[in-house]
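The values are calculated or read from the model by the stated rules, or taken from the named source; none is laboratory data. All values derive from a computational prediction rather than experimental measurement. Every residue, glycine among them, receives a Cβ derived from its backbone with ideal geometry; neighbour counts consider all protein chains shown.
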Amino acid sequence: MLVDVQDGRATRVIGDRADPVYQGYSCVKGREQHHQLTHPDRLLHSMKRGPDGGYSPIPVERAMDEIAEQLMRIRDDHGPRAIAGYTGTYIITSALNGTFHSGLMRGIGTSMTFTASMIDKPGKPIAKALHGAWMAPQQGYIDPDVALLVGLNPFVAYQGFPLGHPGKWLSGQLARGMTLIVVDPRRSDVAKRATIHLQVRPGQDAVVLAGMLRVILTEDRCDADFVRTHATGVEELRRAVEPFTPDVVASRAGIDADDLVRAARCFAEARRGYAQAGTGPNMHGRGTLNEYLVLCLDTLCGHFSRAGEEIRNPGTLIPTVSAKAQARSPWPAYGFGEHLRVRGLTDTVAGLPTAALPEEILTEGPGQVRALISLNGNPVAAFPDQLLTIEAMQALELLVQIDPWMSQTARFAHYVIAPKMPLEMAGTSFYQDSHLLIGNGYGPLDPHGQYTPAIVSPPPGSEVIEEWEFYYGVATRMGIELSVGGVALDMTHKPTTDDLLELLHRGSRIPLAEVKRFEGGALFREPRVVIAPMDPGWTGRLDVGNAEMMADLRDVSEEVAEAEVDEEGRRIFRLVCRRLTHMMNSAGANLPASNHGKAYNPAFMHPGDLAELGLNNGDVVELRSARAKIVAIVEADSNVRRGVISMAHSFGDVPERDEAYREIGSNTGRLVAIADRYERYSGQPRMSNVPVTVAPLITAATAATSAAARRA
Ligand SMILES: Nc1nc2c(c(=O)[nH]1)N[C@H]1C(S)=C(S)[C@@H](COP(=O)(O)OP(=O)(O)OC[C@H]3O[C@@H](n4cnc5c(=O)[nH]c(N)nc54)[C@H](O)[C@@H]3O)O[C@H]1N2
Ligand SMILES: Nc1nc2c(c(=O)[nH]1)N[C@H]1C(S)=C(S)[C@@H](COP(=O)(O)OP(=O)(O)OC[C@H]3O[C@@H](n4cnc5c(=O)[nH]c(N)nc54)[C@H](O)[C@@H]3O)O[C@H]1N2
Ligand SMILES: [Mo]
């Protein structure tokens, strides 16, 4: 990005055309970020809640004194497990956040650390462990002849295509002859450009993917050599997908049988390609199975890079990866480490089940969580089952929220620590590289690295700190030693951010000092990394027939359709997740221009459904699930499948503020019940494909009249 600075203030942020990855492309949230630095609502001081519930500024050193003291007391009285940590999506504000947060938790002696990944796509790492992994990159974004996107939308959310300009990339690939297959109940931005769009009924992804696998297996369209050498479990998979004939899939998923067969053939015929699943298929209670079936598709088709090929992006600010053209057999996915006290849930390769954190706070007895340090996330806005989450936040003896805003969660916190924001801190492109390790579909195509110094100072008169400084300050007071990059920190003389970044990137493929020489970042192609051949006698295999996954498939094949009307004869709709361009989950509401005057999250519905319900665009309705109800404003969108309501999450606030739905939107997480079809691996409940009924509340016409009356 290019930032204009006048009199020490950032006045404009735009994309940098000279940047090799983004080529000038930027998203509206990035372009408007400078408005946040001086926004009147930004916290310029840390805050402490008083006995009356009101907040007043507190010097941050004193806040750290008090927090450290309370943490030590809680640990002494109840043991380290009573202290938990949570990190959310804005962890990417600094490359140092993850290291410092987990360092403090380790020092405290608790393993109760939770992340947003577990209410996102936990199925990805869990499925990978059940399936095994190729020890070199997948073909992924490099010259694919086919791309299969299951419930994700790169034009808005920037996942599913390589980092950079999504439209330019797709146009280039389509011109090369790539086939784009999209599976989505909504004709999303990316579905509009698809070669084949399977506009499925939500919640039926496993059915569709199993159907595609069945076509590929019965028509012998596998990459036979690859499968013979590197995979096992094919016969188990063949048996498990047998019930998913094209006709069964067509009737269950509400698509055309011929389209399914065509999609499967296109996918298998392509020489190179990739399949990727997004939040859609991860949030309806079968995320792990869906991710597993996606991996099986790529494995059967041999979509992996081979010996002698060069790794196009071996990472820049991470140690050099070694790559071999061989399979790593599966490894334990869950069932180890910390055992939660609820629902038999355990630690997993993706982390602890975040959906169960509120229950861990509310369940009495030894080990009960009493303190929470919440960094870069917003539980009250984003967690499934908002009402339970609120109850849990209220029950905490100590809640520390690190947030530049009095967010939904900050308003339950005992202390809110006011942080610096990205343009005020030095940083590196570390997360780009660390995301490469997640697997197919993350990170830039080419090895890009960047260091940026702080661009502006925080507003005059403010007292804001970098997130790591909070962790360092608390650790010092608790007598905990922290380390970065394996090097113990001097806990008496505070290091600088640059010192710490040096440590974090120790041993990286490109030394940080080298990256720093290129203002605005550069590509670092040398030294190149070539994929080595399989070790002699290597026996590792990818498993496409994992017993638990096959059992889950059997469950799916036996599932009976859920009711389409409730006891009172009201039609049941399916509320599905989606993202909006101007928001990043709960964040972005205070960016002035980007919401085009619409601060709420509309409930997008097909015009035919609106007509059937006697509703008009802009009418206010009540959406009711088995768990709770919210108020929403409907908006006609013919791209949404009939029977589906498409609505963004993390809007709205506590029930007391429900009346302000037009100004702050409504919280879809409130409609989610914590134990509704939750996954036994990740504990993630059904957060999409939620059954809801729709009841009219206020017509658009009445709403306009009363708004006019209010103004008058
Ligand atoms: N119903 C439903 N629920 C969902 C989803 C869904 O699709 N449907 N999606 C899920 C997904 S995928 C995710 S990842 C989670 C997200 O869950 P979270 O990560 O917990 O939620 P965010 O809203 O991303 O939290 C970001 C927080 O960072 C704060 N913040 C903003 N800027 C800064 C900054 O510069 N510094 C610091 N320190 N903080 C900052 C924001 O104010 C906000 O409080 O939500 C999940 N919840
Ligand atoms: N602008 C913007 N960008 C973001 C975010 C944001 O809030 N705003 N959030 C970030 C985060 S935390 C994440 S995790 C990523 C998520 O990135 P994506 O997963 O790409 O998220 P969405 O754009 O919501 O796309 C999900 C799609 O799934 C579809 N869908 C819903 N239910 C189903 C289903 O049952 N089956 C199928 N096949 N599809 C279904 C929806 O219609 C939607 O088009 O985006 C990130 N980027
Ligand atoms: Mo996410």
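Before moving on, here are some points about what is shown:
- Selection status of residue 263, under 19 Å from residue 544 (Cα atoms) and not assigned by TED's automatic domain parsing to the domain that holds residue 501: no
- Only one of the numbered conditions (1) within 15 Å of ligand 1 (Cβ to nearest atom); (2) closer than 27 Å to residue 522 by Cα; (3) polar (S, T, N, Q) is not met by residue 23, and that is (1).
- Counted residues, region 150-179 - those being of a type in the set (A, V, I, L, M, F, W, C) and away from ligand 1 (no atom under 16 Å from the Cβ): 8
- Pairing each residue of region 271-282 that is more than 20 Å from residue 146 (Cα to Cα) with any residue that is more than 6 Å from ligand 2 (Cβ to nearest atom) and among the acidic types (Asp, Glu), provided the two are 6+ apart or on different chains, yields C-beta distances under 9 Å for 282/291.
- Any hit, region 75-98, residues being more than 13 Å from the chain's Cα centre (by Cα), β-branched (Val, Ile, Thr) and part of a loop (DSSP other than H, G, I, E, B): no
- Some residue of region 116-136 being under 30 Å from residue 416 (Cα atoms), in contact (Cβ under 8 Å) with a residue 24 or more places away in the chain, within 16 Å of ligand 1 (Cβ to nearest atom) and in contact with a Phe, Trp or Tyr (Cβ under 7 Å, 6 or more places away or on another chain): yes
- Of the criteria (1) of a type outside the set (Val, Ile, Thr); (2) more than 16 Å from ligand 3 (Cβ to nearest atom); (3) touching a His at 6+ places or on another chain (Cβ under 7 Å); (4) more than 16 Å from residue 356 (Cα to Cα), which one residue 408 fails: (3)
- Subset of region 106-120 that is of a type outside the set (A, V, I, L, M) and in contact with a helix residue (DSSP H, G or I) (Cβ under 7 Å, 6 or more places away or on another chain) - its residue that is nearest to ligand 2 (Cβ to nearest atom): 120
- Filtered by the rule that a residue be more than 16 Å from ligand 3 (Cβ to nearest atom) and either of a type in the set (A, V, I, L, M) or crowded, with 22+ Cβ neighbours inside 10 Å (or both), region 151-161 gives a lone residue, 161.
- Considering the conditions (1) buried (at least 19 other Cβ atoms within 10 Å of the Cβ); (2) more than 16 Å from ligand 3 (Cβ to nearest atom); (3) of a type in the set (Val, Ile, Thr), residue 91 is excluded by exactly one of them, (2).
- Scanning region 517-538 for any residue that is more than 16 Å from ligand 2 (Cβ to nearest atom), outside any loop (DSSP other than H, G, I, E, B), touching a Lys or Arg at 6+ places or on another chain (Cβ under 6 Å) and among the aliphatic types (A, V, I, L, M) turns up at least one such residue.
For (1) in contact with a Lys or Arg (Cβ under 7 Å, 6 or more places away or on another chain); (2) assigned to a strand (DSSP E or B); (3) modelled with pLDDT of 95 or more; (4) farther than 25 Å from residue 484 by Cα, each residue gets a yes or a no:
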position: 4; (1), (2), (3), (4): yes, yes, yes, yes
position: 70; (1), (2), (3), (4): no, no, yes, yes
position: 73; (1), (2), (3), (4): no, no, yes, yes
position: 106; (1), (2), (3), (4): no, no, yes, no
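- Note on region 539-559: among residues that are assigned to a helix (DSSP H, G or I) and under 26 Å from the mean Cα position of the chain (by Cα), the one that is farthest from residue 132 (Cα to Cα) is 556.
- The residue list 574, 578 contains one member that is in contact (Cβ under 8 Å) with a residue 40 or more places away in the chain, within 16 Å of ligand 3 (Cβ to nearest atom) and surrounded by 19 or more Cβ atoms within 10 Å (Cβ to Cβ), which is 578.
- Region 111-149 - residue that is away from ligand 3 (no atom under 16 Å from the Cβ) and β-branched (Val, Ile, Thr) and, of those, nearest to the chain's Cα centre (by Cα): 113
- Lone qualifier among 252, 262, 239 - being surrounded by fewer than 23 Cβ atoms within 10 Å (Cβ to Cβ) and either under 29 Å from the mean Cα position of the chain (by Cα) or within 14 Å of ligand 2 (Cβ to nearest atom) (or both): 252
- Screening residue 344 against (1) away from ligand 1 (no atom under 16 Å from the Cβ); (2) among the small types (Gly, Ala, Ser); (3) part of a loop (DSSP other than H, G, I, E, B); (4) within 30 Å of residue 646 (Cα to Cα) leaves a single unmet condition, (4).
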